[in-house]
Amino acid sequence: LVESWSFLDTAESDFRPLVVIELAKGTKEETIEWLTKRIADKKADGGAQLLIKPLVTENGVENIYLVGASHLRLLLGAETVGLVKECSDNSMRTFTYSSRKTFKHFADDNHNFLTMAECQYIIKHELENLRAKNEKMIPGYPQAKLYPGKSIVRRLLTNGILVQIFPLHDREELKKLSHSWYGRVKVGYQPLDDIRCYFGETIALYFGFLEYFTFALIPMAVIGIPYYVFAWEDYDKYVMFATFNLLWSTVILEVWKRICAILTYRWGTLLMKRQFEEPRPGFHGVLGINPVTGREEPVYSSIKRQLRIYLVSLPFVCLCLYFSLYVMMIYFDLEQWALDYHQENESNFSSLMLYVPSIIYAVVIEIMNRIYRYAAEFLTSWENHRLESSYQNHLILKVLVFNFLNCFASLFYIAFVLFDMKLLRQSLATLLITSQILNQLAESLFPYWLQKRYNRRMKKRMCSKKTGTDLSLAEQITMEKEMGTYLGTFDDYLELFLQFGYVSLFSCVYPLAAVFAVLNNITEIYSDALKMCRVYKRPFAEPTANIGVWQLAFETMSVISVVTNCILIGMSPQVDALFPDSKMDLVLTVALVEHLLLAIKFIMAFVIPDKPRDIQTKLDKLEFESLEALKQQVRPFQMQIHFFLIHH
C-alpha cells in the first residue's frame with residue numbers, strides 16, 4: 001500500500017467532481033491557498049492527495065471548490081476505510097489493492113467498480129482525517145488554533161471558515177432511482193440495493209425497516225378490522241387478539257434481525273471493522289495526550305461532564321416531564337368541558353366538539369416534542385461528550401423518555417386512573433391520526449413545497465443569463481447548496497417508534513390502530529423517498545450493520561406492551577366477573593399471565609437466531625481463514641525462535 005501511494009499521481013485529465021466544499025464569503029486568500037495545497041499534497045507530506053478545483057461561474061471564482069480523486073486514489077482509499085466487496089467466488093471480503101483482481105467486476109478501466117456513494121464516503125473520510133502537522137493556527141485566522149493531529153476540516157467548521165461539505169447528486173442516476181422508487185404507484189418492494197448504492201447503507205436500512213414494519217403490520221390490521229366491527233365492547237374477546245399482538249411484536253423484531261443480517265452481509269457492512277472513533281467536532285477541553293493513540297487532543301474531565309449531566313440536564317428533563325404532565329391535566333379539563341357542553345346541547349356540533357380537545361392536545365404534543373428536541377440537542381452538546389456515539393446515546397435517551405411520556409401519559413392516565421375505555425379509544429385514535437397527518441405535513445410536504453418554489457426561482461434566474469458549457473454544473477451546485485441538510489434517520493425512527501407504541505400498548509382497546517399505521521407507512525415510503533430525492537442535499541453514505549439503539553428501544557416498547565395489555569384485559573368487566581369474591585386472585589392471575597407471556601417472549605427471542613445459518617457459516621469461515629492467514633505470518637518467526645533455542 002505504501003509503494004502504491006508513492007506512485008500515485010494526483011493530476012488526472014478526466015476530473016469528476018464528487019464533493020463540494022463551500023467556504024465563507026471573504027475567506028482570506030492565504031487560507032484558501034493553504035487549504036487547497038493541503039488537500040492536494042501527497043500523503044507522505046501529510047496531505048489528502050485529492051484533486052481540487054475552484055468552481056468558475058460568470059461572476060468569476062466563487063468560494064466553492066470541487067473535490068474529486070483519481071481512480072487509483074479511490075481504490076487505495078477503499079482499502080484504507082475497509083470497504084467490503086464481493087469476490088469472484090461470491091464470498092464477501094475486505095478490499096485490498098494488492099488482491100484487487102480477485103474481486104467481481106473489477107477491471108483497471110472499470111471506474112464503476114466503486115459506487116459514487118462509496119467514492120464520496122472515501123473523500124469525506126480523507127478530508128476529515130486531514131490533520132495539522134506543525135501549524136499552530138489556520139493561516140490568516142490567529143484565533144483558529146491548531147495543534148499536531150487536530151482535524152483541519154473540523155477546526156474550519158467550528159470557526160465558521162468552512163460553511164459546508166456535501167456530496168453532489170448524479171442527476172441521471174437520481175432520475176432512474178426516482179422513477180423506480182416513487183415515480184409510479186405500484187405494489188411491490190422498494191429498490192433497496194439501488195437506494196444503498198446511491199444513498200448508502202444507513203438510509204437504505206431505514207427504508208428496509210420501514211418497508212418490513214409496514215408488511216409486518218398487515219396481519220394485525222387484517223385481524224383488527226373484524227374485532228373492531230363485531231366485538232366493540234366484549235373485552236374478553238380481545239384476549240386472543242392481545243395475546244397474538246404480544247407474540248407478534250416479539251417475532252417481527254427477531255425476524256428483522258435476520259433480514260438485517262442478510263441485507264448488511266450482501267452490502268458488505270456486516271463484515272466491516274469498527275474504526276477507532278475520533279473526538280466529535282464540538283468537543284473541547286484542555287490540550288492533552290490521548291493514552292490510546294498517543295496524539296495530542298483536547299481532554300475534558302469526566303467528573304465535570306457527570307456534574308453537568310446530573311446537576312443540570314437531569315433536573316431540566318424532570319422539569320420538562322412535569323410541564324408535560326401539567327399540560328396533560330389541562331387537556332383533561334378541556335375534555336370535561338367538551339363532555340358537559342355535549343350533554344347540555346346534544347347536537348351534531350356538540351358531538352364534533354368532543355374530538356376538539358384531543359386534536360388540540362395532539363398538536364400541542366407535536367409542538368412540545370419539537371421544542372424539547374432543540375433543548376435536548378443544546379444540553380447534550382453542552383455536556384461536551386468526546387465521542388459521537390456517546391453524544392447520540394445521551395440525546396436519544398433524553399428524547400425517548402420525554403416523547404414516551406408526552407405521547408402516552410394521557411393514555412395511561414385514562415386507562416389506569418380514570419378507567420374510561422371509551423375515552424381511551426377516542427384519545428388513542430385522535431392522537432395517532434393527528435400525529436401522522438402533522439408529521440407528513442411538517443417533514444415532507446411543506447419542505448417539498450418550499451424547495452420547489454426556490455428551484456423555480458433559481459431556474460428563472462439561470463435562464464435569464466447566457467448559458468455556457470459548464471453552467472449546468474454551476475447551476476446544479478448553486479441549487480444544491482441552498483437545499484436543506486438531511487439530519488439523519490433519528491426523527492424517522494422516532495416516528496416509527498411512537499407509532500409502534502400506539503399500535504402495541506393498547507391494542508386490545510383500539511384494534512384499528514394497525515390499519516391507520518399501515519396506511520400512514522405506505523404514504524410515508526413515498527413522501528420520504530420524495531424528500532430524499534428532491535428536498536434535501538445528498539447526504540454522505542454511512543456504513544452500518546444494524547439499526548443500532550433503536551432495536552433495543554423497540555424491544556423495550558414490546559415488553560411494556562405486555563404489561564399494559566395484561567392489566568387492561570384484567571380490568572375488563574368480563575374478566576372481573578370471573579373473580580367475584582377475591583380481587584387478590586384477579587391480581588395474582590393477571591400477574592401470572594403477564595409473567596408467562598414475558599417468559600414466552602424471552603424464550604422466542606433466545607430460540608430465533610439473530611443471523612440465518614448460511615450467513616453465520618460464511619462469517620465463521622472468514623474468521624477461520626483470517627486466523628489461518630495470521631498463523632502463516634507468525635510461523636516464520638516461530639521457526640526462527642525454535643532454531644535459536646535448538647542451537648543455543
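If R0 is 51 Å, what FRET efficiency do you get for Thr589 and Ala375 from their C-beta distance, rounded to 0.05? Please list the in-between numbers first.
Working: r = 44 Å, r/R0 = 0.86.
That pair, Thr589 with Ala375, gives E of 0.70.
For Lys631, the lysines whose Cα falls under 22 Å of its own Cα, not counting residues fewer than eight places away in the same chain, are Lys273, Lys618, Lys621.
Taking every pair of Cα atoms in the stretch 304-418, average 1/r, invert it to obtain the Kirkwood radius, and report Rg/Rh to two decimals. Don't jump to the answer; show the numbers that get you there.
Details: Rg = 18.3 Å, Rh = 16.0 Å.
Looking at the stretch 304-418, the ratio lands at 1.14.
For the residue pairs Lys43/Lys124; Lys43/Lys133; Lys257/Lys611; Lys257/Lys601; Lys25/Lys124, the C-alpha atoms sit more than 18 angstrom apart in Lys25/Lys124. Rounded to the nearest 5, the antiparallel percentage of DSSP beta bridges internal to the chain is 95%.
Pulled fully out, how much extra length does the chain show between Val417 and His179, if you take 0.36 nm times their separation in residues and subtract their Cα-Cα distance?
Taking Val417 through His179 to full extension adds about 80.6 nm, to one decimal.
Put simply, when 205-213, 389-397 are sorted by average Cβ atoms within 10 angstrom per residue, most first, you get 205-213, 389-397.
Can you give me the convex hull volume of the Cα atoms of the chain, divided per residue and expressed in Å³? Don't skip to the answer; put the middle values down first.
On the way: hull volume 150.0 nm³, N = 648.
Output value, Cα hull per residue: 231 Å³.
Every Cα-Cα pair in the stretch 19-168 was counted, and those over 27 Å apart are 30% of them. The trypsin sites (Lys or Arg not before Pro) found in the stretch 147-221 that occupy coil by DSSP, while having at most 14 further C-beta atoms within 10 Å, are Arg184, Lys186. Placing dummy labels 7 Å off each Cα toward the beta-carbon, the span from Val292 to Lys133 is 2.7 nm.
Please go through the stretch 14-121 and write out the trypsin sites (Lys or Arg not before Pro) that DSSP classes as loop and that have at most 15 other C-beta atoms within 10 Å. Show your work: numbers first, answer last.
Values: sites: Lys25, Lys28, Lys37, Arg38, Lys42, Lys43, Arg73, Lys85, Arg93, Arg100, Lys101, Lys104; in loops: Lys25, Lys28, Lys42, Lys104.
Answer in residue order: Lys25, Lys28, Lys42, Lys104.
Loop-located GluC sites (Glu not before Pro) in the stretch 51-140 (DSSP state other than H, G, I, E, B) with a sparse environment of at most 11 neighbouring Cβ atoms within 10 Å: Glu58.
Treating only the Cβ of Lys, Arg, Asp and Glu as charged (+1, +1, -1, -1), what charge dipole size does the chain show about its Cα centre? Round to the nearest 20 debye. Intermediate values should be presented prior to the final figure.
Details: 67 positive and 68 negative charges, 429 e Å.
The dipole of the chain has a size of about 2060 debye.
Okay, helix-only estimate at 222 nm for the chain: each DSSP H run of n ≥ 4 adds -39500 (n - 2.57), divide by all residues, round to 500 deg cm²/dmol; what do you get? Mind dumping the intermediate values first?
Details: 23 runs with 396 residues, N = 648.
Counting only the DSSP helices, I get -20500 deg cm²/dmol.
Lys176: which aspartates and glutamates have alpha carbons under 18 Å from its alpha carbon, excluding same-chain residues fewer than 8 sequence positions away? List returned: Asp193, Asp194, Asp528.
Each of Phe332, Val292, Cys533 was placed along the dipole of the chain (beta-carbon charges, centred on the mean Cα), and the one lying farthest toward the positive end is Val292.
Of all complete DSSP H helices in the chain, those with a Cα span along the helix axis of 27 Å or greater and a mean Kyte-Doolittle hydropathy of 1.6 or more are 583-607.
If DNA, RNA and ligands are ignored and the probe is 1.4 Å, what is the ranking of His595, His385, His342 by accessible area, most exposed first? Before the final figure, lay out each step's value.
Numbers: His595 120, His385 5, His342 35 Å².
Largest accessible area first, the residues go His595, His342, His385.
Shown for the stretch 19-168: the carbon plus sulfur share of the solvent-accessible area, taken with all protein chains present and a 1.4 angstrom probe, equals 52%.
The values are calculated or read from the model by the stated rules, or taken from the named source; none is laboratory data. Please read these numbers as outputs of a predicted model, since none were measured by experiment. So basically every Cβ, Gly included, is an ideal-geometry build from the backbone, and we count neighbours across all protein chains shown. Ligands, DNA and RNA are excluded from the accessible area calculation, which covers all protein heavy atoms including side chains. Shrake-Rupley method; radii C 1.70, N 1.55, O 1.52, S 1.80 Å.
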